[in-house]
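What follows is a single structure, written as structure tokens, with notes after it.
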Amino acid sequence: MPQWLQWTLIIVGVIAIALLLAFIRRQTNTLSESRRRQEKADAFNQKRREDMISSIQVIAMAVESDQVEYSEACLRLKGLLDHVAPELLEQPPFSVFQDVHEKLKHMPTHQARQDTDTRFVEKMDKERFEVEKAHAEEIKRAATAIRHHPFDAS
């Protein structure tokens, strides 16, 4: 084999090695950046979950000390549990949050409530208070249970 061909093949080999090293370095950087992004997202989601669990416990304490309307607490707890542990909404005693939510979800809230006729709002409030009264003890027991529930660290 002629010497010029040997040198050409060596140079081509070195260039191929350099290109492969550059490709490997770029892939490694991409993977590292992806891993950092994933760790940051995981930390954010974990913090968000911890905040929601804390909110659940605060609302439960407010129910236990009668500082919040039971209907409001049920709606909020149902919404938080949908994100934290939706399976709990199907289990007693926590299913009362889902039950009350189902009975009250048709009622206007926030701006829609303010825009609704006063007599209709009064009628809805009467219905809401009846639902609260019918489920009061069950809601209080569920609030105590959810406050002491050991949420998994998932």
Quick calc: nm separation of the 7 Å Cα→Cβ label points for T118 and Q38 -> 6.0
Two pseudo-spin positions, 7 Å from Cα along C-beta at I11 and at D82, lie apart in nanometres by 6.8
Can you give the calculated 222 nm mean residue ellipticity of the chain, where each DSSP H run of n ≥ 4 adds -39,500 (n - 2.57) and the sum is split over every residue, rounded to the nearest 500 deg cm²/dmol?
-> -28500 deg cm²/dmol
Tell me the Kirkwood hydrodynamic radius of the stretch 1-63 in angstroms, computed as one over the mean inverse distance between distinct C-alpha pairs.
-> 16.4
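May I ask you to list the trypsin sites (Lys or Arg not before Pro) in the stretch 81-149 that are in a DSSP loop and have at most 16 other Cβ atoms within 10 Å of their Cβ?
Numbers: sites: K103, K105, R113, R119, K123, K126, R128, K133, K140, R141, R147; in loops: K105.
Of the trypsin sites (Lys or Arg not before Pro), the ones in loops of the stretch 81-149 whose Cβ has at most 16 other Cβ atoms within 10 Å are K105.
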Remind me, relative contact order of the chain in percent, using alpha carbon pairs under 8 angstrom and six or more residues apart?
-> 26
Computed over the Cα atoms of the chain, the Rg and Dmax in Å are 29.6, 102
Compute from the Cα atoms of the stretch 77-154 the Rg and the Dmax, the latter being the longest Cα-Cα distance, and quote both in angstrom.
-> 14.7, 47
Could you give the distance between the Cα centres of the stretch 47-75 and the stretch 135-154, to the whole Å?
-> 10
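Taken together, the values in this text are just the output of simple stated rules run on the coordinates, not laboratory data. Quick caveat: nothing in here was measured; it's all calculated off a predicted structure. Cβ atoms come from the backbone with ideal geometry, glycine included; neighbour counts cover every protein chain shown.
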